[in-house]
Amino acid sequence: MANSECLTFLNVHLKNKYMLIQTLQQLFKRDLEKLKSEIEAYKDETYLWAIDKSVSNSAGNLCLHLIGNLNHFIGAELGKTGYVRNRPLEFSDKDVPREILIQKINDTITVVATSLSKITDDQLQQDYPIIVFTEKMSTEYFLIHLATHLAYHLGQINYHRRLLDF
């Protein structure tokens, strides 16, 4: 490969890495801002914690779960924030005031943006530091999974609000 071809390949590769991180930062920020607006949209704050028939997780608990998930997998594992996750509490804690949920979302926005900005191209291609499911996966793959996981639960919260907060 000639020097100019190497430089072109390198520039495209670096641009793609930058674009992926930038895209992930934008998606996480967009969806966490939407999470905040969903939590704020509940007319009656008590309905954040409501469950009914086949609805086994409240919006409040899903919100806590998303906060814990992102702070653990992006903040602690990639950003080295020192966050210690208590996953069972994400689903058992109840009646956390809305303003505390909003503050936790804001803090998570900052943690995710800061942590993602530190990720190198090598880290994206390497295995994620811990095995989360049954086998290893690249950090790049797992970050995309985390973005879709956030979107999945965000949709559940939106539906929960429209179904139960009337």
Q | Förster radius 22 Å - calculated FRET efficiency between A151 and W49, Cβ distance, rounded to 0.05 | A | 0.45
Q: Output the relative contact order of the stretch 56-134, whole-number percent, from Cα pairs under 8 angstrom with separation of 6+ residues.
A: 37
Q: Calculate, for K94 and Q125, the FRET efficiency according to 1/(1 + (r/R0)^6) with r their C-beta to C-beta distance and R0 25 Å; round to the nearest 0.05.
A: 0.05
(Q) For the stretch 54-144, which GluC sites (Glu not before Pro) pass both filters: DSSP loop (anything but H, G, I, E, B) and at most 14 other C-beta atoms within 10 Å? (A) E135
Q) Summing -39500 (n - 2.57) over the DSSP H runs of n ≥ 4 in the chain and dividing by its residue number, what mean residue ellipticity at 222 nm do you reach, to the nearest 500 deg cm²/dmol? A) -22000 deg cm²/dmol
Q: Quote the charge dipole size of the chain about the Cα centre in Debye, to the nearest 20; the model charges only the Cβ of Lys and Arg (+1) and of Asp and Glu (-1).
A: 120
Q. How high is the relative contact order of the chain, given as a whole-number percent (alpha carbon pairs under 8 Å, six or more residues apart)?
A. 31
Q) Which helices, taking whole DSSP H runs in the chain, have alpha carbons extending 24 angstrom or more along the helix axis plus mean Kyte-Doolittle at least -1.0? A) 3-41, 98-117, 139-164
Q: Enumerate by residue number the trypsin sites (Lys or Arg not before Pro) in the stretch 102-156 meeting two conditions: DSSP loop (anything except H, G, I, E, B), and at most 11 other Cβ atoms within 10 Å of the site's Cβ.
A: K118
Q: Considering the options T120, N61, V84, tell which one lies farthest towards the positive end of the dipole of the chain, charges being +1 on Lys and Arg and -1 on Asp and Glu at the Cβ, about the Cα centre.
A: N61
Q.
Students often forget the sequence filter, so: which lysines lie under 30 Å Cα-Cα from K94 once same-chain residues fewer than 8 apart are removed?
A. K29, K34, K36, K43, K53, K80, K104
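Just so you know, all these numbers are worked out from the coordinates, no wet-lab data involved. As the structure is a computational prediction, the values presented were derived from the model and not from experiment. Glycine gets a Cβ as well: all are built from the backbone with ideal geometry, and neighbour counts include every protein chain shown.
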